[in-house]
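Novice: One structure coming up, written as structure tokens, with questions to follow.
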Amino acid sequence: DIQVTQSPSSLSPSVGDRVTITCRSSQSISSYLNWYQQKPGKAPNLLIYAASSLQSGVPSRFSGSGSGTDFTLTISSLQPEDSATYYCQQSYSLPYTFGQGTKLEIK
Amino acid sequence: EVQLVESGGGFVQPGGSLRLSCAASGFTLRTYWMHWVRQAPGKGLVWVSRINSDGSSRSYADSVKGRFTISRDNTKNTLYLQMNSLRAEDTAVYYCARDPDSSGWSYMDVWGKGTTVTVSS
């Protein structure tokens, strides 16, 4: 199975900060990497697919980059509503695997 | 409105069975691949199973293989997960999710709110 590791596991930035979350896969997955946001008690919400494609309706402050084994999710200017847990997920091969999550708590 | 609504969760003893349903509305289910994903209390997301658009191809996580069966009825716009021989470690919120499998890219663009399964004696 392909392992997907996120870092950091948590962070506490301030409103307006630029935030970067990293995801690393145990083998090359080309651009088969998706990012989701999950708020407490809610279902996940797709942010980015195919490493860098912004899902319709998602604010443009979210962006994704990377290919191969190293990927990043960037929030350009953090907003209060961005407080959530973020997950990466590889769709290169089955079984699909998720990162362990990055909990973002805004100061 | 595009929507997925799960049902069928509940409390069951170890070794028991449950069948989850996921009703789709606002879109035609038969044009999409579908997934089940679960989340144990306080834990992360775990992929469980996938089925292609016509039901001819099914895949499972090793942890549920041989115990769970994914299926679909496109005439009823409904996805199912039959869960047998349930274990305490199957306790989780179960989400169904839509996958457009667009141009070979697989991702989950619409999710249900989830249904809770609790396995305990």
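Novice: Might you report the magnitude of the Cβ-based charge dipole of chain B about its Cα centre, with Lys and Arg at +1 and Asp and Glu at -1, to the nearest 20 debye?
Specialist: For this selection, approximately 240 debye.
Novice: Can you list the lysines whose alpha carbon sits under 19 Å from that of B:LYS76, skipping same-chain ones fewer than 8 residues off?
Specialist: Partners found: none.
Novice: Please tell me the relative contact order of chain A in percent, rounded to the nearest whole number, where contacts are Cα pairs under 8 Å and at least six residues apart.
Specialist: 39 percent
Novice: Straight-line reach from A:LYS42: which lysines have Cα under 21 Å away, leaving out those fewer than 8 places along the same chain?
Specialist: Partners within reach: A:LYS103, B:LYS43, B:LYS113.
Novice: Another one. As a test of the definition: which semi-axes, in Å, follow for the protein assembly as shown when you take the square root of five times each eigenvalue of its alpha carbon gyration tensor? Largest first, please.
Specialist: 29, 19, 17
Novice: Which ³J(HN,Hα) values, rounded to whole Hz and listed in residue order, are derived for region B:14-19 from phi using the Karplus coefficients 6.51, -1.76 and 1.60 in 6.51 cos²θ - 1.76 cosθ + 1.60 with θ = phi - 60°, glycine and proline given as x?
Specialist: Those phi angles translate into x, x, x, 10, 8, 10 Hz.
Novice: Among DSSP beta bridges whose residues both lie in the protein assembly as shown, state the antiparallel percentage, nearest 5.
Specialist: 95 percent
Novice: Using per-residue counts of other Cβ atoms within 10 Å, averaged over each peptide, order A:74-80, B:50-56, A:33-39 from highest down.
Specialist: Per-residue Cβ counts within 10 Å, averaged per peptide and sorted highest first, yield A:33-39, B:50-56, A:74-80.
Novice: Ok, one more. Could you tell me which residue out of A:VAL4, A:LEU47, B:GLY112 lies farthest along the dipole of the protein assembly as shown toward its positive end? Charges go on the beta carbon: Lys and Arg +1, Asp and Glu -1, centred on the Cα centre.
Specialist: Looking along the dipole axis, the top candidate is B:GLY112.
Novice: Arrange A:VAL58, B:VAL12 by Cβ neighbour counts within 10 Å, fewest through most, would you?
Specialist: Ordered by Cβ neighbours within 10 Å, fewest first: A:VAL58, B:VAL12.
Quick note: the coordinates plus some simple rules give every number you see, no bench work behind them. Note that the structure is predicted; figures quoted are calculated from it, not measured. Every residue, glycine as well, gets a Cβ built from its backbone with ideal geometry; the counts of neighbours run over all protein chains shown.
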